[in-house]
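Please read the structure below before turning to the comments.
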Amino acid sequence: MLVLFETSVGYAIFKVLNEKKLQEVDSLWKEFETPEKANKIVKLKHFEKFQDTAEALAAFTALMEGKINKQLKKVLKKIVKEAHEPLAVADAKLGGVIKEKLNLSCIHSPVVNELMRGIRSQMDGLIPGVEPREMSAMCLGLAHSLSRYRLKFSADKVDTMIVQAISLLDDLDKELNNYIMRCREWYGWHFPELGKIISDNLTYCKCLQKVGDRRNYASATLSEFLPEEVEAEVKAAAEISMGTEVSEEDICNILHLCTQVIEISEYRTQLYEYLQNRMMAIAPNVTVMVGELVGARLIAHAGSLLNLAKHAASTVQILGAEKALFRALKSRRDTPKYGLIYHASLVGQSSPKHKGKISRMLAAKTVLAIRYDAFGEDSSSAMGVENRAKLEARLRTLEDRGIRKISGTGKALAKTEKYEHKSEVKTYDPSGDSTLPTCSKKRKIEQVDKEGEVTEKKAKKAKIKVKVYLPNSVEEEEEEEVVLVEEETSTKKKKKKDKKKHIKEEPVSEEEPCTSTAIPSLEKKKKKKKKKDIED
C-alpha cells in the first residue's frame with residue numbers, strides 16, 4: 001500500500017513495509033516513537049519538491065478545494081499507476097477526485113489517519129535531503145501566504161494607513177490653528193490692520209513672509225497673493241497704521257513661524273490627497289455615501305474596516321456620541337440621533353426637522369456599503385452611487401412634503417378641501433328698524449303670570465340703580481337732593497318723574513342687577529343731610 005503525504009516542501013509518497021502492524025490502531029503510535037522504528041513501518045518511495053512558495057500555495061489551495069494539481073497528477077500517473085497498489089490519502093474528498101479522474105483505488109480510514117500522524121511526527125527522519133531549518137521556513141511562508149489567500153488579503157487594502165492618516169490630519173488642523181492664532185497676535189502688535197483686511201490664514205502668512213516690516217508694503221508687490229483692490233487697501237493701511245515698532249530680530253522670529261505654517265499647510269494638502277486615494281482604494285462605496293473624512297473617522301473610531309462591518313446600523317448612526325448616549329440613558333432623556341455621521345453632506349443638506357430621519361436612513365445604507373467593501377471581491381463604487389441616488393430622492397420627497405403626502409410605501413397627492421359654492425346675495429334684516437328696547441324672555445313670562453309683582457320689582461330696581469350712581473360725582477348728589485326736597489312738597493311731580501325714570505332705566509337694571517352692600521349706609525347719610533337742611 002502506498003501513502004500520499006503532503007508537506008510544505010513538496011509531495012511525498014511512502015511505501016508501507018509491514019501492513020500487519022496497521023491492524024493494531026491503538027498501539028500504532030508506539031511504532032513511530034523513534035526514526036529507526038518508523039523506517040521499519042514505512043519507506044520513502046518518491047519525493048516531488050516545490051520550486052518556490054507560490055507553487056506550494058497553488059498546490060495547497062487546489063488540495064483545499066478538492067482539486068488535483070498538475071504536478072500531483074504527473075506524480076500519481078508516474079509512480080502509483082506503475083505500482084498497481086491502493087493509495088492511502090488523508091482527505092476523503094481528494095481520494096474521490098483521484099479515483100474519478102485517474103481511476104486509482106484510494107483508501108481513507110481511521111488507520112490511515114493514525115499512520116499520517118506517525119509520519120508527521122518523524123518527518124525529518126523519513127524524508128532525507130530536507131533540512132529542518134528549510135522545512136520550518138517553508139512552513140511559515142506557506143502559512144502566511146495561505147492566510148492572505150483565505151482572507152482575500154491585499155497590500156492596497158490596509159485600513160491601518162487610513163486610521164493613522166485621519167488621526168494625523170486632525171492633529172495638523174489643531175496645530176495649524178494654534179500657530180496661525182499665535183502669528184496673528186504676534187504680528188498684530190506691529191501691523192494690527194492687516195488681520196482685518198486679509199481673512200485667509202495662508203494668504204496672511206504668505207504676505208507677511210514676503211514683506212516683513214510694514215514699512216516695506218509701499219514698495220512691495222502683492223499681486224500674486226491679493227487682488228488689486230485689497231492690495232491698495234493694505235498699502236494705505238500700512239501708511240497710517242497704529243502698530244508699535246518692533247526690532248528686526250522680532251520680525252525674523254515671526255517670519256520663521258510663518259514659514260512653519262506654510263509648510264504644514266502644504267503637507268496637510270498632500271496628506272488629504274493621500275487619504276482620498278486610500279479611501280477610494282479600500283472603501284469606495286463608503287466614500288461615495290458619506291465622504292472621505294467621515295468614512296475615515298468611522299473606520300478610525302471602530303479600529304478597522306472589519307470591526308466597523310460588524311456594527312449594526314443603529315450603532316453606526318450614533319458612533320462618536322457615546323458620552324451623550326450614556327448621559328441620556330442615565331438621566332432618562334432623549335438619546336442622540338446622530339454622531340460622526342452628522343458631518344456627512346446628505347445630513348447637512350436636510351432641514352433640521354428631517355436630520356434625524358435622514359441620518360437613520362444614511363446609516364442603514366452606509367452599513368451595507370461597509371460590509372460590501374469589507375467582504376466583497378468587487379472594488380467598484382456602483383453600489384454606493386445607486387444607494388446615494390435613492391437617498392437623495394428620498395430627501396427631495398421629504399423636503400416637498402407640503403406638496404406630496406407620504407403614507408407607508410406609496411405616494412399620493414395631498415388631499416384638497418372640497419369646494420363649496422357660497423352665495424354673495426345679501427338679504428335685508430328688519431330687526432335694526434325698531435328703536436324700542438327689547439324685553440327678555442324671562443320678563444315676558446313674568447308679565448303673563450304676575451303683572452303686579454313685576455311693576456314692584458321695576459320700581460325697586462330703578463331706585464337701586466339711581467343710588468349706585470350717586471357717589472360718581474358731587475354734582476349728581478346735589479341734583480338728587482333737590483329732587484328729594486321737591487318730593488316732600490309736591491307728590492304729584494314725583495310720581496311723574498318716577499315714571500320717566502322707570503322707562504329710561506329698565507334695560508340697564510335688567511341687564512346689570514346691583515349687588516352692592518354699601519347702599520343702606522348711603523341712605524342713612526342722605527337722611528341725616530336732609531334733616532340738617534330742613535332745620536336750617
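Here is how the numbers come out for the structure above:
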read-out	value
Scope region 304-317; condition surrounded by fewer than 20 Cβ atoms within 10 Å (Cβ to Cβ) and either of a type in the set (V, I, T) or touching a strand residue (DSSP E or B) at 6+ places or on another chain (Cβ under 6 Å) (or both); matching residues	T315
Top-ranked residue in region 228-260 [being of a type in the set (S, T, Y) and part of a loop (DSSP other than H, G, I, E, B); ranked as farthest from C183 (Cα to Cα)]	S241
Residues of region 126-142 that turn out to be among the small types (G, A, S) and surrounded by fewer than 14 Cβ atoms within 10 Å (Cβ to Cβ), as a count	2
From the options G243, G339, G303, residue that is out of contact with any Cys (no Cβ under 9 Å at 6 or more places or on another chain) and at positive phi	G303
Flag for G129 being outside any loop (DSSP other than H, G, I, E, B) and either over 30 Å from D26 (Cα atoms) or of a type in the set (A, V, I, L, M) (or both)	no
The listed residue being open to solvent by 30 Å² or more (accessible area, probe 1.4 Å) and without any contact (Cβ under 8 Å) to a residue 12 or more places away in the chain, out of E266, E233, E239, E245	E266
Candidate set: region 1-34, residues that are surrounded by fewer than 14 Cβ atoms within 10 Å (Cβ to Cβ) and in a helix (DSSP H, G or I); chosen: the one farthest from the chain's Cα centre (by Cα)	K20
Any hit, region 265-274, residues being within 25 Å of K206 (Cα to Cα) and basic (K, R)	yes
Hits in region 193-227 (condition: farther than 19 Å from Y179 by Cα and of a type in the set (S, T, N, Q))	N216, S219, T221, S223
Single condition H301 does not satisfy, out of (1) part of a helix (DSSP H, G or I); (2) touching a residue at least 12 places away in the same chain (Cβ under 8 Å); (3) open to solvent by 80 Å² or more (accessible area, probe 1.4 Å); (4) over 26 Å from I282 (Cα atoms)	(4)
Test: residue in region 41-60 that is assigned to a helix (DSSP H, G or I), of a type in the set (K, R) and surrounded by 14 or more Cβ atoms within 10 Å (Cβ to Cβ)	no
Selected residue (criterion: nearest to the chain's Cα centre (by Cα)) from residues of region 191-227 that are outside any helix (DSSP H, G or I) and among the polar types (S, T, N, Q)	S199
Exclusive hit being touching a His at 6+ places or on another chain (Cβ under 7 Å) and either of a type outside the set (D, E) or closer than 24 Å to V130 by Cα (or both), set A54, A92, A83	A92
Region 318-363, residues that are open to solvent by 60 Å² or more (accessible area, probe 1.4 Å) and either of a type in the set (K, R) or in contact with a strand residue (DSSP E or B) (Cβ under 7 Å, 6 or more places away or on another chain) (or both)	K323, R327, K330, R332, R333, K337, K353, K357, R360
Checking E65 against (1) open to solvent by 70 Å² or more (accessible area, probe 1.4 Å); (2) under 29 Å from S147 (Cα atoms); (3) in contact (Cβ under 8 Å) with a residue 12 or more places away in the chain, the condition it does not meet	(3)
Residue match in region 364-375 (condition: at pLDDT below 90 and surrounded by fewer than 17 Cβ atoms within 10 Å (Cβ to Cβ))	yes
Sole residue being modelled with pLDDT under 80, open to solvent by less than 50 Å² (accessible area, probe 1.4 Å) and of a type in the set (V, I, T), chosen from V112, V75, V80	V80
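The values are calculated or read from the model by the stated rules, or taken from the named source; none is laboratory data. Please read all numbers here as calculations on a predicted model, not as lab measurements. Every residue, glycine as well, gets a Cβ built from its backbone with ideal geometry; the counts of neighbours run over all protein chains shown. Side chains included, ligands, DNA and RNA excluded: accessible areas come from the protein's heavy atoms. Shrake-Rupley method; radii C 1.70, N 1.55, O 1.52, S 1.80 Å.
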